[in-house]
Amino acid sequence: MKTKEDCIFCKISSGDIPSKFVWSNEDVIAFHDMNPQAPVHVLLVPRHHSDNILDLAAEEEGRQVFSQLLAAVPRVADALGVSESGFRLIINTGKGGGQSVMHLHIHLVAGEGLSESIV
Ligand code: DGP
């Protein structure tokens, strides 16, 4: 598993920055976004470091890491109690995509107000 020394999400994953996880396993962590944009706003983060989804797609282990993220989605949705009510997943990529933390992550957002979708 690849990690990056100066990456904040790698530090959260390793425990160097103490955080309360909503859910975690050996491959993926999930925690509340510190700047929530919806009533429920959680980040799903692979412990493996890739700057973004393009980098992950180019890596040999990319499919495996993405499968681990996929497998985490229903677990995290259940932990948050939004499997039935529904939620939205977002992956910002690069500056033009609004990405500010350069460690691939999925935003899971849910709750009132999500009907105003741009897609
Ligand atoms: P993005 O813009 O897609 O790269 O989203 C990064 C999100 O990460 C942003 O909504 C704020 C959140 N975030 C950044 N640093 C931390 C942190 O140290 N702890 C938590 N809980 N969230 C963070």
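The values are calculated or read from the model by the stated rules, or taken from the named source; none is laboratory data. Given the structure is predicted, the values throughout are model-derived calculations rather than measurements. For neighbour counting, all protein chains shown are included, and Cβ atoms are generated from backbone atoms with ideal geometry for every residue, glycine included. Accessible surface areas use protein heavy atoms only, side chains included; no ligands, DNA or RNA. Shrake-Rupley method; radii C 1.70, N 1.55, O 1.52, S 1.80 Å.
Of note:
- Screening Phe21 against (1) away from the ligand (no atom under 14 Å from the Cβ); (2) in contact with a Phe, Trp or Tyr (Cβ under 9 Å, 6 or more places away or on another chain) leaves a single unmet condition, (1).
- If only residues of region 51-72 that are within 16 Å of the ligand (Cβ to nearest atom) and either without any contact (Cβ under 8 Å) to a residue 12 or more places away in the chain or part of a loop (DSSP other than H, G, I, E, B) (or both) are counted, the one that is nearest to Gly86 (Cα to Cα) is Asn52.
- Conditions (1) assigned to a loop (DSSP other than H, G, I, E, B); (2) crowded, with 16+ Cβ neighbours inside 10 Å; (3) within 15 Å of the ligand (Cβ to nearest atom); (4) of a type outside the set (A, V, I, L, M, F, W, C); number of the one not met by His48: (3)
- Among residues of region 15-33 being assigned to a loop (DSSP other than H, G, I, E, B) and within 13 Å of Leu108 (Cα to Cα), the one that is farthest from the chain's Cα centre (by Cα) is Val22.
- Within the set Gly15, Gly81, the sole residue that is within 16 Å of the ligand (Cβ to nearest atom) and either out of contact with any Asp or Glu (no Cβ under 6 Å at 6 or more places or on another chain) or open to solvent by 30 Å² or more (accessible area, probe 1.4 Å) (or both) turns out to be Gly15.
- His32 being at pLDDT 95 or above and open to solvent by less than 30 Å² (accessible area, probe 1.4 Å): no
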